[in-house]
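Written out below as structure tokens is the structure these notes cover.
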Amino acid sequence: MEEYEVMELEDMIKRGTTTVGLICNGGVVLASEKRATMGSFIASRAAKKIYQVDDRIGVTTAGVVGDAQALIRVLSVEARLYRIRRQEPMTVRAMTTLLSNILSGQRIYPYIVQLLVGGIDRKGAHIYSIDPFGGNTAERDIAATGSGSPIAYGVLEDRYSRDLTIDDGIALAIQALHSAMKRDSASGEEIEVVAITKDKYTEVSENKVKSIRSSFN
């Protein structure tokens, strides 16, 4: 693929969305805003961008919605098949390896997505960043994707520490998104947050998100 085509693909991914992931003491927090855009047009104010693909694994999506949803369906089915065949859940690393192989196999007609895969398994809490060509990066602490990610990183880098509790991680993720939404026109509306521990996968309630977010106004 020519260099200008790669740059155009990256630009398409970065036009909208801000998602973040944090490794906390006891688990992982994933968060995203809900605005979906088509150029300067706001296509949806309540687009879902965090998906559960296994009992303790979630994926945040940035890029083309159809591509992301197609990948989520494949991952969910493969995770169920793996559990049936091996009588144990797929590890986070195995999930990202599968995803990387799928994306790498589509290099000529790539999925236009950038993904964060976060979860917890027998080896602990993990976050991986996946690019459209199957590049797979294990993140040690924090990660952000999308057009508002530079702003979100500014907040995360300043306030993150590895000993954050899950509740503190939720608050920090919301603060990072809140700041990105103020400056990035493609990111906006509501915020969705997921907390993953060894015991459960939890979608944080809208009321709790709004309560935390109000403290940053």
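I want to confirm something. Restricting to segment 8-25 and keeping residues that are touching a Lys or Arg at 6+ places or on another chain (Cβ under 8 Å) and assigned to a loop (DSSP other than H, G, I, E, B), which single residue is modelled with the highest pLDDT?
Result: 25.
Working carefully through the options 152, 138, 171, find the one that is among the aliphatic types (A, V, I, L, M) and surrounded by fewer than 16 Cβ atoms within 10 Å (Cβ to Cβ).
Result: 138 is the single residue among 152, 138, 171 that is among the aliphatic types (A, V, I, L, M) and surrounded by fewer than 16 Cβ atoms within 10 Å (Cβ to Cβ).
Right, residue 163: more than 15 Å from the chain's Cα centre (by Cα), more than 16 Å from residue 31 (Cα to Cα), without any contact (Cβ under 8 Å) to a residue 24 or more places away in the chain and not in a strand (DSSP E or B) or not?
Numbers: more than 15 Å from the chain's Cα centre (by Cα): yes; more than 16 Å from residue 31 (Cα to Cα): yes; without any contact (Cβ under 8 Å) to a residue 24 or more places away in the chain: no; not in a strand (DSSP E or B): yes.
So residue 163 does not fit the description; no.
Looking at 171, 138, 152, 143, can you tell me which residue is among the aliphatic types (A, V, I, L, M), touching a Leu at 6+ places or on another chain (Cβ under 6 Å) and more than 17 Å from residue 54 (Cβ to Cβ)?
143
Quick test of your reading of the structure: residue 145 fulfils all but one of (1) of a type in the set (S, T, N, Q); (2) closer than 23 Å to residue 68 by Cα; (3) surrounded by fewer than 21 Cβ atoms within 10 Å (Cβ to Cβ). Name the failing condition by number.
(3)
Which one of these is of a type in the set (D, E, K, R) and either more than 14 Å from residue 57 (Cα to Cα) or touching a helix residue (DSSP H, G or I) at 6+ places or on another chain (Cβ under 7 Å) (or both): 162, 122?
So the residue among 162, 122 that is of a type in the set (D, E, K, R) and either more than 14 Å from residue 57 (Cα to Cα) or touching a helix residue (DSSP H, G or I) at 6+ places or on another chain (Cβ under 7 Å) (or both) is 162.
The values are calculated or read from the model by the stated rules, or taken from the named source; none is laboratory data. All of these numbers come straight from a predicted model, not from anything done at the bench. No Cβ is skipped: glycine too gets one built from the backbone with ideal geometry, and neighbour counts run over all protein chains shown.
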